[in-house]
Structure formats: C-alpha cells, structure tokens
1. Being within 23 Å of the chain's Cα centre (by Cα), of a type in the set (Val, Ile, Thr), within 20 Å of residue 121 (Cβ to Cβ) and away from ligand 2 (no atom under 14 Å from the Cβ) narrows it down to one residue among 205, 272; which is it?
2. So residue 316 clears everything in (1) under 24 Å from residue 257 (Cβ atoms); (2) within 16 Å of ligand 2 (Cβ to nearest atom); (3) acidic (Asp, Glu) except one condition, right? Which one?
3. Sort out which residues of segment 7-53 are surrounded by fewer than 24 Cβ atoms within 10 Å (Cβ to Cβ) and assigned to a strand (DSSP E or B), and write them in order of number.
4. Kindly evaluate residue 93 against the criterion of being aliphatic (A, V, I, L, M), under 21 Å from residue 322 (Cα atoms) and in a loop (DSSP other than H, G, I, E, B).
5. Inspect all residues belonging to segment 198-214 and state whether any of them is among the basic types (Lys, Arg) and assigned to a helix (DSSP H, G or I).
6. Given the conditions (1) within 16 Å of ligand 2 (Cβ to nearest atom); (2) outside any loop (DSSP other than H, G, I, E, B); (3) closer than 22 Å to residue 139 by Cα, and given that residue 357 satisfies all but one, which numbered condition is not satisfied?
7. Can you tell me how many residues in segment 225-244 are more than 16 Å from ligand 2 (Cβ to nearest atom) and either under 20 Å from residue 145 (Cα atoms) or over 23 Å from the mean Cα position of the chain (by Cα) (or both)?
8. Taking only pairs six or more apart or across chains, which ones have beta-carbon atoms under 9 Å, a first residue in segment 19-41 that is in contact (Cβ under 8 Å) with a residue 12 or more places away in the chain, and a second residue that is within 16 Å of ligand 2 (Cβ to nearest atom) and among the basic types (Lys, Arg)?
Amino acid sequence: MKIKDAKVYVTCPDRNFVTLKVFTDEGVYGIGDATLNGRELSVVTYLEEYVIPLIIGKDPFQSEDIWQYLYRGEYWRGGAVTMTAIAAVDMALWDIKGKALNVPLYNLLGGKSRFGVMVYGHANGKDMEEAIDEVGKYVDMGYLAVRAQCGIPGLPSTYGVAKEKLFYEPAQKGLPQENIWSSEKYLNFIPILFQKLRDTYGEDVHLLHDVHHRLTPTEAARLGKNLEPYHLFWIEDVVTAEPQEGFRIIREHTTTPLAVGEVFHDIWDTQVLITQQLIDYLRMTVLRGGGLTQMRKVAALAELFHVRTGCHGATDLSPVTMASALHFDISINNFGIQEFMRHTEKTYEVFPHSYSFKDGYMYPGDAPGHGVDFNEDLAKKYPYERAYLPINRKLDGTMWNW
Ligand code: EZ4
Ligand code: CO
C-alpha cells in the first residue's frame, strides 16, 4: 500500500478545526487532527508546503519510520507547529492501518485493558453558588468526575468560566480578550469552593481543578496543602513546567496529586517530571504529543515511574483527537482519566464518530481505525474565522500567563 495524496481542510463549525486526510492507492483513507488553537493556518502551510510532499509514495504501515523521517528530518526538532503536523500524519496513518486490517485501533495497540474510559466534565460558575449547581448537573448526567472552576470575587473574569455552560470555548474572534489576575484573591477563595463542594456532594464524586499555569511553586504548594482535606483527584498546571525541577518544591509540601502537560510536545518535556516522580498525571494528548507513535513511548516511560495519563480533551481538539485518545486510553495499563469537553452539534455533524458516553465512561466504539469521518461538503459551509485565546495581566498590568 502507498500514500497517493493528502489534503488539508479548514472549517469552523462553531470553532476552527484543521483536518488532514491521507489517501492511499488502495482507496483506504485516514484522518488526522491538525488543530493548533489560535494559530491554525501556520500548521496548514507547514503540512501543505513541507510535509505532504514528503509522505507521498510511502507505505502508510511504516508509521514509525515516517514519524522519525518528519521529526529528525526537519533538523530543527519539535515545537507546537511541527509536532501538531506530525501528530496529524501519525493519527491518519494509524487510522489507515485499522481500516485496511478492518480492526478498531485499540486492537492494534494491545487490546482493551478496561471496559471503558472514565472521563471528567467541566463545571463552572460565575460565582460559588452557580459553580456548586453546575457540578450537580454533571453528577446528574452520570459523570463520576467533575472539574470545578469558579469566578473569583474581585476579579471581573477568569479562566474556565463560560456563558455557554456545556460548550466552553475560550478562543474568540477579534483581538485577544484581556483577563485580570490576582494570585492572592484566587488562593484565598479556591479552598472555600472545594470545602462547599465536598459539603454538598460528599466524597464519592472525583473533583478536579485547573490552575492554568498561574502560580509560582511556593504558591502552588500552599494551594495543594489547603486543598488536602477535600481529596481532589488532581490539581492541574499549577505552574508552568519550565523548569521541570520546579515541581519538586510543590511535591515536597503536599499530597494533593499533580497533573501537567497539555502544552508539552516532546517526550523530553516529561523526562525529569516522570523519572523523578514529580507528578501523578500527564496531560499530553495524541495531538500535541506527536501522535500515537510518541504517546505510546511516553506512556511506557510513565508506567515505570507510577505516573498515569490524563489526556487533554478540550474543544480545540477535534473529535479525531478525542477518538484517537480513547483508543489509547483504553489500551494502556497506566491510564488515569480522560478530559471530555463536549463539542457542539455542528461540530459533531462535520465529524461523524463512533465513540459514545454513558454513565461516566466513554467508549471508542468498534468501527475500524479510530472511527471518525469528515464530512467535506458540510465543512465547506463553515469557513475559517481568525480567533485568539485570551491573554492575562496582573492587577498592575504586568503580562502574565493566561
Ligand atoms: O484552555 O485547550 O484543561 N483544559 C484546558 C483547556 C485549554 C484550551 C486552550 O485552547 O486547560 O481548556
Ligand atoms: Co488545562
């Protein structure tokens, strides 16, 4: 079998997605997600101008060699644009293999290690009362795990708080929206939120929280300590992982589990964190993490050091990434949890898929490959619109991490 051609599609069914379709001489095609939120067209050019000419004529079953060819052969190594493009090719190749052999992807990755994939949903409220209600709605929908985010008294807006509750998407048209941040106000408020959540819902539901890279290691250690009585499943991205050693300060002070990595690209971004056991969960997913080819290596390394996976599953990852992640999640031993933000109906219509949600778990389905298709005609109806993620400044105007 040979790769005959590949095409890139950009569509905006409520938000932008970049999709790669790889065609073979035997009629089988594979689909990959190439969406880099807020910088989409850079990956389109990278794929069309540099990657597609390199893969035409290659055997799609040789995914390892093609991965190495695109990674080592570029010379400059890594980065968000390159790794998103490589992941898109890799996802499409694994999809082709599954379809050509008529097996669901998980059966090429070691088979099922569990019956389903536990996911967490996103509850958020502009204030405490609304956040508590929203968590209850997820519990009622059958979720076993819920991430809770809340507006902070004294701050006009913050990460994770949405108007459209089920379909939170932070990227917006026009220039980046500006948020204002105060670690002091945040640190004083969040433990009270989780105390109230435990008082209201008891200990059975897993609770998670995302800090979105906004604290220093010392502040993160304080947050972790203050949240210990409420037994969170994890706190996510409490600090950026540059330097990776920074997590040691947090680790030495708290038993609240730590997750990080949704913005990592390379296995090297995880090396110190994993091998020195500084985290509990790794957030890399198939899209930014170099496809299944690299993610399987990352998971194998993590397994040796008691680190489990918690793949990123926000709306900027298309259903193609979601499906690929579900096949990966169900097959590895050291799976932890999967994030699941629902896409809108418009998005689901453009990406018909075989995965499903029931009673807190997701199931990849048994369609050959990853089980997601792409409706080109419908996609054409929703042209690309430039959108940016927000930015964040401290109270005195200092630029900070959003
Ligand atoms: O803000 O993917 O855990 N999930 C997240 C996401 C990110 C978006 C950025 O595009 O942090 O909601
Ligand atoms: Co996050």
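1. Working: 272 fails: within 20 Å of residue 121 (Cβ to Cβ).
Of 205, 272, the one residue that is within 23 Å of the chain's Cα centre (by Cα), of a type in the set (Val, Ile, Thr), within 20 Å of residue 121 (Cβ to Cβ) and away from ligand 2 (no atom under 14 Å from the Cβ) is 205.
2. Here residue 316 clears every test but (1).
3. Those that are surrounded by fewer than 24 Cβ atoms within 10 Å (Cβ to Cβ) and assigned to a strand (DSSP E or B): 7, 8, 9, 10, 21, 23, 24, 29.
4. Values: aliphatic (A, V, I, L, M): yes; under 21 Å from residue 322 (Cα atoms): yes; in a loop (DSSP other than H, G, I, E, B): no.
No, not satisfied.
5. Looking through segment 198-214, at least one residue is among the basic types (Lys, Arg) and assigned to a helix (DSSP H, G or I).
6. So the condition that residue 357 fails would be (1).
7. Counting residues in segment 225-244 that are more than 16 Å from ligand 2 (Cβ to nearest atom) and either under 20 Å from residue 145 (Cα atoms) or over 23 Å from the mean Cα position of the chain (by Cα) (or both) gives 7.
8. Hits for this filter: 36/288.
None of the figures in this text is laboratory data; all of them are computed from the coordinates on show. Treat the numbers as computed from the prediction; the structure is a model and nothing was measured. Counting neighbours? That spans all protein chains shown, and the Cβs are built from the backbone with ideal geometry, glycine included.
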